[in-house]
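I have placed the structure first, in the form of structure tokens, so that the comments after it can refer back to it.
No value in this document is a laboratory result; all are computed from the given coordinates. It should be emphasised that the depicted structure is a prediction, and the values quoted were computed from it without experimental measurement.
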Amino acid sequence: MATKKVTVTIPEELLEEIRSDAAERGLSAYVAEALRYKRDRDRLRELVVWLEEEHGPVTADERSAAYRELDDLDAEHARRRAAQSKRGGAAA
């Protein structure tokens, strides 16, 4: 895949966090992955709009259930990160 060098400006604190997370694969790969993720989320939001136009809006109950699932995923992520830190950085 062809690549092109660009310049971006981001907050220092965010850069420091990203550098530690991106150490092994490199900052450029990390940023490229983040941009792909953002593009994919934008496409999903567009799909949601289309689906809501066709089937009606998501109900409050459906939205609450989805948020509960996300909270569960966030808790699992935090648990795995904590376990990883206790083991000195080994993969969880």
Would you confirm whether any residue within the stretch 23-32 is more than 16 Å from the chain's Cα centre (by Cα) and hydrophobic (A, V, I, L, M, F, W, C)? yes
Can you name every residue in the stretch 35-81 that is under 21 Å from the mean Cα position of the chain (by Cα) and aliphatic (A, V, I, L, M)? LEU35, LEU44, LEU47, VAL48, VAL49, ALA65, ALA66, LEU70, LEU73, ALA75, ALA78
